[in-house]
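**Q** Can you read through this structure? Questions will come right after.
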Amino acid sequence: MSTTELLVMAAGLAGIVWVNWYFFVAGRAAATVRGSEVVITVDNGYSPATIRARAGVPLRIVFDRKDDSSCSEEVVFPDFGVRKFLPTGEKTTIEITPPKPGRYEFMCGMAMLRGTLIAEE
């Protein structure tokens, strides 16, 4: 194996590690919901990606989509049976009520962008 082939393999491996770190490991600040509404900016990811809310209390999540990536054109809350289109440059509201304390994942339609709703007592 030549040096060039080794360098290409190392660069490819580094790219794979970076993508997995960015989408699945990188820490993002959690936002605690005050009142009944939280705004999440969609711009190559969710910000905040983690939100804390109270279980059993209705919650309005407003997605403010800034980017035009096809990956972020919809958001899915599988535990709530919600799949909603997010138009670029517009705000889209989703209303859910976490039934009990726990972690509820949300993601883009391709499951590349991820977020978590943590419902607490």
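Laboratory data are not the source of any read-out in this text; all were calculated from the coordinates shown. Here the structure is a predicted model, which means the values were calculated and not measured. FYI the Cβ positions are ideal-geometry reconstructions off the backbone, even for glycines, and counts take in every protein chain you see.
**Q** With θ taken as phi - 60° and the coefficients 6.51, -1.76 and 1.60, list the Karplus ³J(HN,Hα) couplings across region 36-45 in order, rounded to whole Hz; mark glycine and proline as x.
**A** My calculation for region 36-45 gives 10, 9, 9, 10, 10, 7, 10, 8, 6, x Hz in order.
**Q** Counting helices only, and only those DSSP H runs with n ≥ 4, report the 222 nm mean residue ellipticity of the chain as the sum of -39,500 (n - 2.57) divided by its residues, in deg cm²/dmol to the nearest 500.
**A** Computed ellipticity for the chain at 222 nm equals -5000 deg cm²/dmol.
**Q** Turning to a different aspect of this structure: Given springs between every Cα pair under 10 Å in a Gaussian network model of the chain, which of 13, 86, 59 has the largest fluctuation?
**A** 13
**Q** For every other residue with a beta carbon closer than 12 angstrom to the beta carbon of residue 52, add +1 if it is Lys or Arg and -1 if Asp or Glu, then tell me the sum.
**A** Computed value for this residue: +1.
**Q** Work out the length of the dipole vector of the chain about its Cα centre, built from +1 on the beta-carbon of each Lys and Arg and -1 on the beta-carbon of each Asp and Glu, and round it to the nearest 20 debye.
**A** Dipole about the Cα centre, nearest 20: 380 debye.
**Q** Further question: Specify which residue in the list 96, 1, 106 is farthest towards the positive end of the charge dipole of the chain, using unit charges on the beta carbon of Lys, Arg (+1) and Asp, Glu (-1), about the Cα centre.
**A** The listed residue farthest towards the positive side: 96.
**Q** Here's another thing I want to ask about it. Of all DSSP beta bridges in the chain, what percent run antiparallel (nearest 5)? Walk me through the numbers before you get to the answer.
**A** Values: 20 of 34 bridges.
The antiparallel proportion sits near 60 percent.
**Q** Order these peptides, 113-121, 1-9, by their mean beta-carbon neighbour count within 10 angstrom, highest first.
**A** Descending mean neighbour count gives 113-121, 1-9.
**Q** Pick out which of 75, 17, 62 has the largest mean-square fluctuation in a Gaussian network model of the chain, springs linking Cα atoms closer than 10 Å.
**A** 17
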